[in-house]
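Taking it in order: structure first as structure tokens, then the write-up.
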Amino acid sequence: MSLITAADKAALAELFTQRVTIQAETEISVGLRGETRKSWANVSGLVALPAQIVPNVLRADEAPGSGTGAVSSSTHEITMLDYYPAINERHRLIDDATGEAYNILLSSKDPTGAFGMLKARKVSA
């Protein structure tokens, strides 16, 4: 159960000015012989979600990827106005305004249980 009320979220909504869409990799048919290729498609219900995308901030003595695991290889942190348990590491995130793509490395919720927290690596400009 979340410690944040619906009224709290409504008040915070104006801070989540970016919109993001979650996509899943799919295979599409491209030829008469049944050839397929991989593509990305929007996940139903996970389109134009309110979010904040911020680059990771490194200390002066850190280098990107100097740690271990998904968290150290992430380039951005995304906070979402709601927690969506369906989002996972097989998905990617698209910034709706810029079209930039991010591979999701870690999906979790904040300590209050109200907000989605993603670690991601930018894959396109």
>> Give me, ordered by chain and number, the residues 5 or more places off TYR83 or on other chains with an amide H under 5 Å from its own placed amide H.
In response: GLY116
>> Going Cα to Cα from LYS9, which aspartates and glutamates come in below 15 Å? Please leave out same-chain ones fewer than 8 positions away.
In response: ASP82, ASP110
> With Cβ to Cβ distances under 13 Å as the rule, what net charge do the other residues near ILE87 carry (K, R +1; D, E -1)?
Replying inline: +2
> So, by mean Cβ neighbours within 10 angstrom, what's the order for 25-36, 102-113 with the highest one leading?
Replying inline: 102-113, 25-36
> Residue by residue through the stretch 76-90, which ³J(HN,Hα) values in whole Hz follow from phi under the Karplus form 6.51 cos²θ - 1.76 cosθ + 1.60 (θ = phi - 60°), with glycine and proline marked x?
Replying inline: 9, 10, 10, 10, 10, 4, 10, 8, 10, x, 6, 6, 9, 6, 8
> Taking a point 7 angstrom from the Cα of ASP82 along the C-beta vector, which residues in the stretch 27-59 have backbone N less than 17 Å away?
Replying inline: 43-52
> Full extension from THR98 to ARG37: what is 0.36 nm times the residue separation minus their Cα-Cα distance, to one decimal in nm?
Replying inline: 19.5 nm
> Where does each of 7-14, 116-123 land if you order them by average Cβ count within 10 Å, highest first?
Replying inline: 116-123, 7-14
> How large is ³J(HN,Hα) for each residue in the stretch 32-48, as worked out from phi by the Karplus curve 6.51 cos²θ - 1.76 cosθ + 1.60 (θ = phi - 60°), to whole Hz, x for Gly and Pro?
Replying inline: 5, 8, x, 4, 10, 9, 7, 8, 10, 10, 4, 8, 4, x, 10, 10, 6
>> Please list 3J(HN,Hα) in residue order for the stretch 4-12, calculated via the Karplus relation 6.51 cos²θ - 1.76 cosθ + 1.60 where θ = phi - 60°; whole Hz, with x for glycine and proline.
In response: 9, 7, 4, 5, 4, 5, 4, 5, 7
>> Can you list residues from other chains, or at least 5 along the same chain, whose modelled amide H is less than 5 Å from the amide H of HIS91?
In response: ILE104
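Just so you know, all these numbers are worked out from the coordinates, no wet-lab data involved. Please read these numbers as outputs of a predicted model, since none were measured by experiment. Here the Cβ is made from the backbone with ideal geometry for all residues, glycine too, and neighbour counts use every protein chain on show.
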